[in-house]
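The values are calculated or read from the model by the stated rules, or taken from the named source; none is laboratory data. In this text the structure is predicted, and so the values were computed from the model without any measurement. Cβ placement follows ideal geometry from the backbone for every residue including glycine, while neighbour counts extend to all protein chains displayed.
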Amino acid sequence: MKTILTASRLKKVYGSKKSNHYTALQDISFSIREGEFVGIMGPSGSGKTTLLNILSTLDQATSGTISIDGIVLSAMNEDQLSEFRSKRLGFIFQDFNLLENMTVFENISLPLSLHGHPPGVIKERVTKLAATLSIEGVLDKFPSEISGGQKQRTAIARALIHRPALVLGDEPTGALDSKNATTLLETLSTLNEEEQVSIAMVTHDAKSASYCSRLFFIQDGNIIRELKRTQTRERFYDEIVDVVSELGR
Amino acid sequence: MIIKLARTGMKGKSKDYLILFSGLICSVSVFYMFLSLSTNRDFITNNSVINSIQLVFWVGTALLSIITFFYILYAHSFLLTLRKREFGTYLLLGIKRKQIKQVAYYETTIIAVSSILIGILSGLVLSYLVSLGITKQLDIELVGFHPISLPAFLVTVVYFSLAFLVTSLWNSRKLSKTPILELVHANVQTEEAPS
């Protein structure tokens, strides 16, 4: 299977000169293959959010290179990056980042309508995806009128509607109760298995992490452990909990 | 598309915009009323007891314009900070900064044009009503006072257009300088924010 993302020797230093020097990422290299569901785990301050921001093209690494879908990120200017982001990446945030003044339908279709897809195609794709995520009944409502779980599924639909090469999640279950979180994780893992959507997600929650097919543990800006899921999710969960306690969080 | 975004964006924050809008209308009409008084030279010189009354009015105009300018600048910047998140999401979904600035310009233009027009209109009506009221109450004749004053009208239009232009440029500069990460996560504390 082809490689969707390669990160090599990523380093991120905040602050300039000698004052306020803070190294968030030391030396990080890894790759993600097409159709993988990768989790990045680590305690607060480990650098996992910084890593995700860099992978998301929202922040630049101090040194090192990233290529996504065969394109090297550092070779692009801001407008090219914005174009790249909107075509090849999908984002799911903890607090949804839905546009409050647009309906669920408009929110989901925005990535398509911005690229001038014909309304017929947009309608068909949104309807189909909404049915998959079971939010077809709320398409005409505004984000303030739907539940947290429905909001997050709307955010997922928006992240997937343009068929991105890679979906990036920043604690996607962080703002949900455990029932909604479970539904969300199951949805993500179904999409991953059936539609071969590649996902990279940052989390600090062992349960969320157990839905991934591969896990990186980050501490003090380095990948210190890698875990592959080889058995059932429940067994994988136990394994994750062991590693977490071993790392002394 | 850009126009549609500006419209839905403004609708979403319509309450905040209504406050800004009514404030602006008030300041435009006060500005106009004051100017129409100070440009009615005959009226002032006929009715004043001190010679330097003209100067007093000019200083007043200057003060009023300075206050108004900072009011517009502050109120407008504040509204944009309320929408940082939204702009960040636009950037994320592939709208270019240039286009977002167009959205902001478009909104400023709508607000500017409508608040200047409505403000002058209400200023006109108010100064007419006040002069009518005074004449009636005090049973005196206001010699040489006309609520419709072309110079006051022109100065108000030019001054507010300029103030809006400066505000608009200022905000657009601020928007280009804010990194996308800060926009997307506005109001949200990221865990590794460098101190």
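Kindly list, by first and then second residue, each pair from a residue in the range B:64-84 that is surrounded by fewer than 16 Cβ atoms within 10 Å (Cβ to Cβ) to a residue that is assigned to a helix (DSSP H, G or I), limited to pairs with Cβ atoms under 7 Å and residues at least 6 apart or on different chains.
Pairs found: B:S77/B:N171; B:L82/B:D16.
Give the residues of the range B:19-42 that are of a type in the set (A, V, I, L, M, F, W, C) and under 10 Å from the mean Cα position of the chain (by Cα), sorted by residue number.
Hits for the range B:19-42 are B:L20, B:F21, B:L24, B:I25, B:C26, B:V28.
Return the residues of the range A:115-145 that are within 23 Å of the chain's Cα centre (by Cα), surrounded by fewer than 18 Cβ atoms within 10 Å (Cβ to Cβ) and of a type in the set (A, V, I, L, M); say none if nothing qualifies.
A:A131
Looking only at the range A:206-229, how many residues end up being among the polar types (S, T, N, Q) and in contact with a helix residue (DSSP H, G or I) (Cβ under 8 Å, 6 or more places away or on another chain)?
3
Go through the range A:1-114 and tell me which helices (runs of 4 or more DSSP H), entirely inside it, have 2 or more residues that are among the hydroxyl-bearing types (S, T, Y), touching a residue at least 12 places away in the same chain (Cβ under 8 Å) and over 27 Å from A:L227 (Cβ atoms). Show your work before the answer.
Working: elements: A:48-55, A:78-88, A:104-113.
Correct list: empty, since no element meets the threshold.
May I ask you to verify whether B:F87 is away from chain A (no Cβ under 14 Å) and either closer than 19 Å to B:L183 by Cα or among the aromatic types (F, W, Y) (or both)?
no
Between A:N97, A:N101, A:N107, which is within 10 Å of chain B (Cβ to nearest Cβ), under 16 Å from the mean Cα position of the chain (by Cα) and among the polar types (S, T, N, Q)?
Exactly one residue qualifies, and that residue is A:N97.
Filter the range A:1-27 for residues that are at pLDDT 85 or above and more than 14 Å from chain B (Cβ to nearest Cβ) and give the result.
The answer is A:K2, A:T3, A:I4, A:L5, A:T6, A:A7, A:S8, A:R9, A:L10, A:K11, A:D27.
Looking at the range B:79-125, which of its residues are over 20 Å from A:Q80 (Cα atoms) and in contact with an Asp or Glu (Cβ under 7 Å, 6 or more places away or on another chain)?
B:L79, B:L82
Are there any pairs, at least 6 apart or on different chains, whose C-beta atoms fall under 8 Å, with the first in the range A:175-187 and at negative phi and the second among the aromatic types (F, W, Y) and in a loop (DSSP other than H, G, I, E, B), and if so, which?
A:A175/A:F96; A:L185/A:Y211; A:E186/A:Y211
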